[in-house]
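Every number here is computed from the coordinates shown, using simple stated rules; none is lab data. Note that the coordinates shown come from a computational prediction; the quantities given were computed from them, not determined experimentally. Counting neighbours? That spans all protein chains shown, and the Cβs are built from the backbone with ideal geometry, glycine included.
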Amino acid sequence: MGKKLWKSYDYILLLTIVAISFLGVIILGSSSVTGETSFATLFSSQTFIKQLLWVVIGLVGMAIFSLIDYSEWQRFKIPLYLFSLALLILVMVKGSSAWGAQRWLAIGKLKLQPSEPAKIAIILTLSATMAKEGRTLEKWKDLIVPLLHVGVPMIVIFRQPDLGTSLIFLAIAASILFVAGLRWIHLAVLSVAGAIGSVFAFLFLLKPYQKTRLIIFQDPWQDPYGYGWQIIQSKVAIGSGQFLGRGLFKGTQTQLDFLPAKNTDFIFSVIGEELGFMGASLFLLMYIFLITRILKIGLEAKDNFGRYICVGVAAMLAFQLLVNVGMTISIMPVTGLPLPLVSYGRSSFLTTMISLGLVLSVAAHSDTSIF
Amino acid sequence: MNSTLWRIRLLKIVCVLILAVLIFNLFKIQIIEGEEWANVADNNRFRHLVELAPRGRIYSANGVELASSVPTYVVALADEQNKDRREQTIIQLAGFLDIEPNAIEEKLSKHRRKFEPAIIATDVDFETVLQLEENRHLMPSLVIQVDPQRYYPEKDLLAHPLGRVNKIDRRGVEGLERSWDEYLQGIDGFSVVQVNVDNRQVGDPVNSTSAIPGDNLHLTIDTRLQQAAQESLRRVLQRLRDEGKANHAWAGAVLIMDPNTGKILAQVTEPSFDNNHRYDKIWWAENIPEEMPDWAKKLTDRTYQYRRTVGSTFKMVTGLAGLETGVITAREKIYAGGRTRINNQHVNDYGYAVHGNVDMRRALAVSSNIYFATVGSRLGSEKIYEYIEKFGMSRAQKNAGFDDISLDEQVSSLDYRLGRTWVGGHTVQISYGQLNEFTAMQMGNYVSMLANGGTHYKPYLVEKVTDYQGETVDFFEPQILDQQDFSPESLKVIREGMQQSAASSKFLKDLPFAVAGKTGSAEHDRSNRKNKDRWRDTHSWWVGYAPYDDPEIAIVVFMEYAGAGSRSIEVARDIIDFYFDLEK
């Protein structure tokens, strides 16, 4: 760790991450304390204290990863890939289920969702694969290796079933391959194939509950007390926030429990209700700033490996932001994807922090100074 | 390499597009539609609860509660939006109430006002309410409301005029309950409470007002007198039937008024019924004698909703008119020879009895039809109707101006002139109380006017209205509707005739004071073959007042199809005994 590392460290990105994380913790506190809520009563909430602890742990983890030269990870490409694949298969066999899906692996008291670290593993290993000297995407056969690379874990996760997360893998892979020089003709063909595949998957592979959840967002009123409930209550929450919001700790949808999954998938609805259009827009602005900042680091990375990592992380965050926020305002189906950095949940939070640590490492180890 | 950087920049643009799409949609929901969604959020969290106002009570003049308000329990369900909880609540509740879950589903689906709980069961017994309270946690959307319902502690006493309250909307729909509904109703309280998704109240009510109980009515009725009159009437009718003297003697009425104020002291209709079961077919089947004919089973009040020919009780109208107009003097005698023809109309005295030469007093005492037919024919129908009107018995004024019960529930008298070609024979018949029909209330006022010298007081039943704290809201003084300037001499003759009439009755002999009265045996129209009651016994009437010197009560006794008027005197005697506290 030379002097140069500190000089090229991206403090603006760091600051943005810290700001979003703490805003998230406060929102989470507001949504998890019932009754009269204020900054003082926040500390009576287990959820709030736990998440606060994990923000600190996450920040430390991020710092550690940011200090390790990301180039080192290239060497562990194969063990990383195999290990995460093994975990994913293990969860299929021995995992515990919730909400009709088998996503969790219990290790002692700890519960791990292997699909989360698998995201990092796939970003790292796919980036390493694509950054290998001499690899091009000129011909169709050049696509076989990367597609298999992503396809195998993706299908395993899809079978859990976790449609949302498997689609993140698709977003990550598509972005990295796109930046790695995927030909337009290949992109077009793959897109058409993907579209046909989706229709096929929808008709024959999805379970009925997944189908209902996928379409209900277009007309939640056809089942207002069942599948449509979350969507309607979320829209009610966000809409009732109006311009300035109901005020922190004062959202009635949130405080009176009308909003389901308000700590996890629907945390953005709390932001919309309590902070209004102003707050929600500023939050989105901050978030998009974070993502474009990651892409900027990618632009200035010293090598393609670093560049692909940034693109992968940015794609992961952008996709989740779009799907999660889109879900709360009824422009996207309900897929159960958390909002990175804000939703309650250890696996997701740590994964995001570590991936951001990797991005910070790319920035710190780039040739050009940002300042 | 250049292409790589360019493609990353393209991804940046994609990010900005994502931002634009999200913010655009936020703008739509929060700014354009924001107010609507805020309303939906308020509807989510506010529940409107109603505290029903207890209905005002009705008291008799002697302080007996005739209509009270008792709390009953209503079980309702608030809107439950969680499917599983909704189902669980319905199954649980169905179990406690011992009904089918489907029945609850149906009631919920029919319920339109989502912010108010849907009523599932009314009149739930206290036991069940306790059980429900204990298991409330199993049914988060359960609401138990207190619904104050009408109860008539005195059951069949004054059942007819009290009327009825609709159980569902709690509005008075008949009788006093209807006419005084504005006072009796009270004002429901309401509160708006904030609830969470489980329908549990959070914090204090946002907005609330307490229920204000309805105002109380204080009647002029004395329940002791009412009771005595009712028992006597019932007993006499029963005996007449039992002894085979009058097989159709099922129904009747007693009206007792204060002739100096117009206050109604007792207002009896037989047969009566437990007013808590007014329209309860099962109660009627179990409590009313099987042999009672359907015409008697009707809920008609026979003091103001029923009119009949009144027979000889009418003769004081003809007599006073004769004296006042001078067509006859008190001393002039007319020969009553059992039967005669006047105005081409056959007239006979009761049992073709020959009374010889009778003057006014004697004619009243022996109830000579021939005498009054003669006076009537001298007067002409117009004069007779003029005096009918003077006594407040005209068709135009229902029940002599009684308006404590809505006029549309009252009947007016029958004016025989209507739709008829009048002949002299009609004049003769109306002179002794045939053809025209009057109500007991009209007769009460008429005899009161004879007693008080011609003052037409409005008959009334409601003396005072107090609010729930006992403060007087309204007090009704006696009201003079009309004042006739009958000459004291004429009145004296008529009264003396009545006194002689009363004195001749075996039932009124041994009283410590004199009484004035007149019987009436109203015959049915036998010329009309369609008339179902043409061969039944006459209606038995008695009108009078006591004491003769200083009238305190005016009495009308009416017994339908009970035969001779003299039979009604037995009831009158019971009333006099009770009122003046006499030992028999």
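Please list the non-local residues whose amide H lies under 5 Å from the amide H of B:Tyr73, H modeled 1.01 Å from N, same-chain partners needing a gap of 5 or more.
The answer is B:Asp123, B:Val124, B:Asp147.
Can you compute the FRET efficiency between B:Asp98 and A:Val60 using 1/(1 + (r/R0)^6), with r the Cβ-Cβ distance and R0 = 60 Å? Round to the nearest 0.05. All intermediate terms of the calculation are to be shown ahead of the outcome.
Working: r = 63 Å, r/R0 = 1.05.
It comes to 0.45.
Each residue of region B:315-320 in order: what ³J(HN,Hα) in whole Hz does its phi give by Karplus 6.51 cos²θ - 1.76 cosθ + 1.60, θ = phi - 60°, with x for Gly and Pro?
4, 5, 5, 4, x, 5
Charges at C-beta only: +1 for Lys and Arg, -1 for Asp and Glu. How large is the resulting dipole of region B:1-147 about its Cα centre, in Debye rounded to 20? Provide the component values of the computation, followed by the final result.
Details: 17 positive and 21 negative charges, 267 e Å.
Magnitude of the dipole: close to 1280 debye.
Let me know the mean shielding of B:201-212 by other chains, meaning the per-residue number of their Cβ atoms within 10 Å of its Cβ.
If you average over the peptide's residues, the count of other-chain Cβ atoms is 1.
Once label points are set 7 Å from the Cα along Cα→Cβ at both B:Ile187 and B:Asn531, what is their separation, rounded to one decimal in nm?
With each label point 7 Å from Cα toward Cβ, the separation is 5.7 nm.
Quick one: which residues, 5 or more positions from B:Glu51 or on another chain, have an amide H under 5 Å from its amide H? H modelled 1.01 Å from N in the peptide plane, none for Pro or chain starts.
Amide H to amide H, under 5 Å and 5 or more residues apart or across chains, B:Glu51 pairs with B:Gly189, B:Phe190, B:Ser191.
Just tell me which lysines come within less than 28 Å, Cα to Cα, of A:Lys207; anything on the same chain fewer than 8 places away is out.
Partners found: A:Lys94, A:Lys111, A:Lys119, A:Lys235, A:Lys262, B:Lys83.
For the protein assembly as shown, what does -39500 (n - 2.57) per DSSP helix run (n ≥ 4), summed and divided by total residues, give at 222 nm, in deg cm²/dmol to the nearest 500? Don't skip to the end; give the middle numbers.
Details: 33 runs with 441 residues, N = 955.
It lands at -14500 deg cm²/dmol.
If you add up the charges near B:Ser431, with Lys and Arg at +1 and Asp and Glu at -1, over every other residue whose beta carbon is less than 12 angstrom from its beta carbon, what do you get? Please report the intermediate quantities before stating the final value.
Values: positive: B:Lys315, B:Arg378, B:Lys383; negative: none.
Overall, the nearby charge balance is +3.
So which lysines pass the test for B:Lys281, namely a Cα distance under 27 Å, with those fewer than 8 places away in the same chain ruled out?
Cα-Cα hits under 27 Å: B:Lys107, B:Lys155, B:Lys167, B:Lys297, B:Lys298, B:Lys532.
Let me know the shape class of chain A, please: from the alpha-carbon gyration tensor, a ≥ b ≥ c as square roots of the eigenvalues, rounded when a/c is under 1.5, otherwise prolate if a/b is greater than b/c, or oblate. Write down the numbers at each step before the final one.
Details: a/c = 1.70, a/b = 1.24, b/c = 1.38.
Here chain A falls in the oblate category.
How many nm separate the modelled label positions at A:Ala40 and A:Leu53, each set 7 Å beyond the Cα in the direction of the Cβ?
It is 2.5 nm.
What are the ³J(HN,Hα) couplings of region B:399-413, residue after residue, when phi is run through the Karplus curve with 6.51, -1.76, 1.60 and θ = phi - 60°? Round to Hz, x for glycine and proline.
6, 6, x, 4, 9, 6, 10, 3, 4, 6, 9, 9, 10, 9, 6
Peptides B:550-560, B:525-535: what's the order by average Cβ count within 10 Å, highest mean first?
Numbers: B:550-560: 25.9, B:525-535: 10.0.
In decreasing order of mean packing, B:550-560, B:525-535 become B:550-560, B:525-535.
Between B:Asp123 and B:Asp42, what FRET efficiency comes out of the Förster formula 1/(1 + (r/R0)^6) with R0 = 45 Å and r the beta carbon distance, rounded to 0.05?
Numbers: r = 34 Å, r/R0 = 0.75.
Between B:Asp42 and B:Asp123 the formula returns 0.85.
Run the reach check for B:Lys398 against lysines, Cα to Cα strictly under 18 Å, same-chain hits fewer than 8 apart removed. What comes back?
The qualifying lysines are B:Lys263, B:Lys390, B:Lys458.
Under a 5 Å amide H to amide H cut-off, with H placed in plane at 1.01 Å, what residues pair with B:Leu414 once short-range neighbours are removed?
B:Glu437, B:Phe438
For chain A, modelled as a GNM with alpha-carbon contacts under 10 angstrom, which of A:Ile172, A:Ile185, A:Ile89 fluctuates the most?
A:Ile185
Rounded, prolate or oblate, given the Cα gyration tensor of region B:210-294, with a/c below 1.5 counting as rounded? Intermediate results must be reported in sequence, preceding the final value.
Values: a/c = 3.47, a/b = 1.36, b/c = 2.56.
Oblate is the answer for region B:210-294, as a/c is 1.5 or above yet b/c matches or exceeds a/b.
With a Förster radius of 45 Å, plug the Cβ-Cβ distance of B:Glu389 and B:Ala285 into 1/(1 + (r/R0)^6) and report the FRET value to the nearest 0.05. Can you show the working numbers first?
On the way: r = 45 Å, r/R0 = 0.99.
Rounded to the nearest 0.05, the efficiency is 0.50.
Please list, in order along region A:199-211, the HN-Hα scalar couplings obtained from phi with the Karplus expression 6.51 cos²θ - 1.76 cosθ + 1.60 (θ = phi - 60°), rounded to whole Hz, x for Gly and Pro.
4, 4, 4, 4, 6, 10, 9, 7, 7, x, 5, 5, 4
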